[in-house]
Amino acid sequence: MVKKVILDVDTGSDDAVALMTAVLHEGVELVAACSVAGNKDIEKTTENTLRVMEALNADVPVYRGCAEPMVKFLCQNRIPLPEYKPIMVDGKLLEMHSDYLDIPASTRKPEALSAPMFYLDYLRNATEPVTIIAVGPLTNLAVALTMDPDVFKHNVEEIVIMGGGVTITNASPSAEFNIWYDPEAAEKVVQCGAKITFVPLDATHRAVITKDDCVTFRELGTFAGDFAADLCEQRIAMHSATQPLYIPDSAAVHDALAVSYVIDPSVLKDVRHVCLHVGLGDFGEGQTIVDPRYFTGEKNCWFAFDGDRFRFVEILCEAFRKK
Ligand code: RIB
Ligand code: CA
């Protein structure tokens with residue numbers, strides 16, 4: 001049974017790989033993409049999402065979403081200050097996410113409806129369940145919840161969140177970027193009552209993509225294979241310079257693993273039913289706190305602690321061989 005999915009993205013490099021996987025793999029039907037600010041501002045994340053759709057000639061509507069977190073930026077001491085120094089290799093600036101994807105500018109426009117309003121409208125009128133795959137900050141989903149606290153209780157099979165980390169973080173000593181960028185939004189979503197599965201850094205840093213996998217993508221002889229290889233090689237260079245993984249010259253391609261889980265759940269390993277809440281201040285801001293006690297609070301989500309990199313690459317090749 002082909003699953004209907006909605007992708008909520010802050011299109012950057014791994015979001016682009018996720019979008020291509022969702023458009024091309026026969027295991028899912030991408031009914032819409034919603035942009036949100038995160039990796040880049042809302043103009044850039046929306047344009048990059050439109051560029052991927054146009055490059056694939058995909059008839060998928062794009063809904064522009066929230067331009068900033070729900071409340072975080074109201075607090076001057078919580079506004080993130082980029083601390084990393086530019087990294088130059090062979091005279092070239094290394095970036096995990098370029099401002100704009102290196103594919104033609106889009107000639108398409110986003111839909112008139114905003115992303116939060118799209119969620120309300122689509123879910124109230126859906127005739128089949130849909131899986132929401134959120135691979136950016138959760139602001140759009142939280143704003144929709146603020147407008148209708150029951151919005152995800154109907155017609156939503158599952159909310160899959162690329163975010164969080166227990167043994168691994170990347171935005172701060174305690175937090176992963178998507179959750180850290182809008183912690184209040186993330187806490188609202190984990191309380192929303194839908195089935196929630198986290199695809200956190202604990203899993204994405206195990207199911208890594210290597211340089212040899214990029215060769216495999218290029219051997220497919222397709223646009224998607226070549227573009228995915230470009231994006232993954234960009235990420236490998238950045239990981240090697242700033243966050244080396246257990247396999248040298250490899251990268252986490254976080255968002256595409258979240259889509260791959262919806263296509264084949266066996267790609268995630270050691271998935272546990274847990275009680276998870278989000279740190280909302282000070283040193284623990286944006287931390288995904290998984291309750292380790294035997295008598296925990298109510299278990300409100302599933303959390304993957306490992307991933308299968310070989311099955312991950314197979315799923316990506318199943319998609320990218322198409323176009
Ligand atoms: O921490 C990784 C996540 O933050 C990914 O979704 C990446 O695209 C960024 O949004
Ligand atoms: Ca993302």
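Looking at Leu257, Leu220, can you tell me which residue is within 13 Å of ligand 1 (Cβ to nearest atom), of a type outside the set (S, T, N, Q), farther than 14 Å from Met96 by Cα and in contact (Cβ under 8 Å) with a residue 60 or more places away in the chain?
After ruling out the rest, the residue left standing is Leu257.
Does segment 74-92 include one or more residues that are in contact with a Cys (Cβ under 7 Å, 6 or more places away or on another chain) and away from ligand 1 (no atom under 16 Å from the Cβ)?
Scanning segment 74-92, I find no residue that is in contact with a Cys (Cβ under 7 Å, 6 or more places away or on another chain) and away from ligand 1 (no atom under 16 Å from the Cβ), so the answer is no.
Among the listed residues Ala22, Ala32, Ala67, Ala58, which satisfies the condition of being surrounded by fewer than 24 Cβ atoms within 10 Å (Cβ to Cβ), away from ligand 2 (no atom under 11 Å from the Cβ), touching a residue at least 60 places away in the same chain (Cβ under 8 Å) and of a type in the set (A, V, I, L, M, F, W, C)?
Ala32
In segment 107-132, how many are within 16 Å of ligand 2 (Cβ to nearest atom) and either among the aromatic types (Phe, Trp, Tyr) or closer than 15 Å to Cys192 by Cβ (or both)? Walk me through how you get there before you give the answer.
Taking segment 107-132 as the starting set, the residues that turn out to be within 16 Å of ligand 2 (Cβ to nearest atom) are 115, 132.
This time we only want the ones that are either among the aromatic types (Phe, Trp, Tyr) or closer than 15 Å to Cys192 by Cβ (or both), so: 132.
Adding up the residues that qualify gives 1.
From Pro137, Pro149, Pro104, Pro116, which residue is in a loop (DSSP other than H, G, I, E, B) and either surrounded by 21 or more Cβ atoms within 10 Å (Cβ to Cβ) or of a type in the set (Phe, Trp, Tyr) (or both)?
Pro137
Can you name the residue in segment 297-323 that is more than 27 Å from Leu30 (Cβ to Cβ) and free of Cβ contacts under 8 Å to residues at least 24 places away in the same chain and, of all such residues, is surrounded by the fewest Cβ atoms within 10 Å (Cβ to Cβ)?
Per the criteria, the residue is Glu298.
Every residue in segment 189-230 that is outside any helix (DSSP H, G or I), surrounded by fewer than 18 Cβ atoms within 10 Å (Cβ to Cβ) and not polar (S, T, N, Q), please.
Result: Gly193, Lys195, Gly221.
What residue, of Tyr246, Tyr294, is closer than 24 Å to Asn178 by Cα and surrounded by fewer than 17 Cβ atoms within 10 Å (Cβ to Cβ)? Steps first, please.
On the way: Tyr294 fails: closer than 24 Å to Asn178 by Cα.
The conditions single out Tyr246.
In segment 170-181, how many are crowded, with 21+ Cβ neighbours inside 10 Å and either hydrophobic (A, V, I, L, M, F, W, C) or not in a helix (DSSP H, G or I) (or both)? Steps first, answer last, please.
Here is the first cut: in segment 170-181, the ones crowded, with 21+ Cβ neighbours inside 10 Å are 175-181.
Those left that are additionally either hydrophobic (A, V, I, L, M, F, W, C) or not in a helix (DSSP H, G or I) (or both): 175-177, 179-180.
Residues meeting the conditions: 5.
Among the candidates Asp249, Asp270, Asp306, single out the residue that is more than 16 Å from ligand 2 (Cβ to nearest atom), over 22 Å from Cys192 (Cα atoms) and in contact with a Ser or Thr (Cβ under 8 Å, 6 or more places away or on another chain). Give the steps one after another, and end with the answer.
Values: Asp270 fails: in contact with a Ser or Thr (Cβ under 8 Å, 6 or more places away or on another chain); Asp306 fails: in contact with a Ser or Thr (Cβ under 8 Å, 6 or more places away or on another chain).
Every option except Asp249 fails the conditions.
Here, each number is a calculation from the coordinates, and none is a lab measurement. Everything quoted here is computed from the prediction, not taken from an experiment. Counting neighbours? That spans all protein chains shown, and the Cβs are built from the backbone with ideal geometry, glycine included.
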